[in-house]
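Here is the structure we will look at, set down as structure tokens.
Read the figures in this text as sums done on the coordinates, not as results from a lab. Predicted, not measured: the structure shown is a model, and the values here were computed from it. Note that each Cβ is placed from the backbone with ideal geometry, even for glycine, and that neighbours are counted across all protein chains shown.
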Amino acid sequence: MSSFRQPALFVPHGAPTFALQPGAAGAALERQAGRLPPPRAIVAVSAHWATALPTVGLATQLETIHDFSGFPAELYVICYPATGCPEAAREVARALAVAGLQVSFDPERGLDHGAWVPLRFMFPDADVPVIPLSIQPRDGAAGMLRLGRALAPLRERGFLVVASGNVTHNLGDYVRAARDGQGTPAYVREFADWVWARLVEGELEGLLDYRRRAPDAARAHPTEEHLLPLYVAVGAAGDDFAAERIHAGIDDYVLAMDAYAFTTRAGATA
């Protein structure tokens, strides 16, 4: 296996205030980035960019999008000065097309907080080109696994897939927990541990059918866009993946901040 082959990562982005209070999750992302071979480019897949078709960002200067409201003023002045790379973006698009996916382009798309918050911890110098890539919630978990598998060959060429979401994401429960002071509901850790157990076993059938099989799945994800990037990361590791949990924790009562690195097992095809 080439030392240049990158893993595929699933990382949390938490609430926007994660940018100001990185805590243990932010430190884990920083450590993980320090273990990586230098990436040629980053394919950033955020839960906060959803489109009908897989869409690749072509901008050379990526705007820091503050796609939230009602948070501390310090958040709105943060700038993550990432650059894009149209050549690398078209290479991403070709990989998707080769896999039979219809591809669209966005010449102006910047980085929403699902992308720039974790990247700011991992690559604080913003010295690696970033290629934004959208998710397609209507295609569900199976569709996002297929999207990730289309990206798998790019890892051999130094592309780092960073898919960002959260293992649990129920903002209604956050409001109730913050108001009532009752702490973290039990389902948050139970759901996250169920996901991790499936990943360790490589049990894709169960992961894809999580809405029926996982404990309190609909409560963990009233809508599933924050879990879908996980399937992109799993798919990008190839048909036979190995999973490493690089962080496990809970922020803001209900946000499981678990992070994973996925690699292709020895002898398997990415």
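If you take every DSSP beta bridge fully contained in the chain, what fraction is antiparallel? Give it as a percent rounded to 5.
40
With +1 on each Lys and Arg Cβ and -1 on each Asp and Glu Cβ, how big is the dipole of segment 175-247 about its Cα centre, in debye rounded to the nearest 20?
Magnitude of the dipole: close to 460 debye.
Can you give me the long-range amide H partners of Asp106? Hydrogens built in the peptide plane at 1.01 Å from N, cutoff under 5 Å, separation of 5 or more residues or another chain.
Val56, Gly57, Leu58
Which order, highest average first, do 173-186, 59-72, 153-166, 10-23 follow once you tally other Cβ atoms within 10 Å for each residue and take the mean per peptide?
Highest to lowest by the protection proxy: 153-166, 10-23, 59-72, 173-186.
Explain nothing, just the number: dipole magnitude of segment 145-190 about its Cα centre with +1 on each Lys and Arg Cβ and -1 on each Asp and Glu Cβ, in debye rounded to the nearest 20.
Charge dipole, segment 145-190, about its Cα centre: 240 debye, nearest 20.
To the nearest 20 Debye, how big is the dipole of segment 101-249 about its Cα centre, given +1 on the beta carbon of each Lys and Arg and -1 on that of each Asp and Glu?
Dipole about the Cα centre, nearest 20: 220 debye.
How many angstrom lie between the Cα centre of segment 164-178 and the Cα centre of segment 1-63?
Distance between centres, Cα-based: 21 Å.
Multiply the residue separation of Asp67 and Tyr174 by 0.36 nm, subtract the distance between their alpha-carbon atoms, and state the gained length in nm to one decimal.
Stretched fully, the Asp67-Tyr174 segment lengthens by 36.6 nm.
Rounded to a whole number of µm²/s, how large is the Stokes-Einstein D of segment 8-264 at 20 °C and 1.002 mPa s, given Rh as the Kirkwood radius over C-alpha pairs?
119
Quick one: length gained pulling Arg5 to Val200 fully straight, 0.36 nm per residue minus the C-alpha distance?
Once the chain is fully extended between Arg5 and Val200, it gains 68.1 nm.
From the helices alone, meaning DSSP H stretches of at least four residues, give me the mean residue ellipticity at 222 nm for the chain, per-run term -39500 (n - 2.57), in deg cm²/dmol to the nearest 500.
Mean residue ellipticity, 222 nm, calculated: -10000 deg cm²/dmol.
Stick to the Cα atoms of segment 48-121, pair each with every other, and give me the Kirkwood hydrodynamic radius in Å at one decimal.
The Cα-based Kirkwood calculation yields 13.5 Å.
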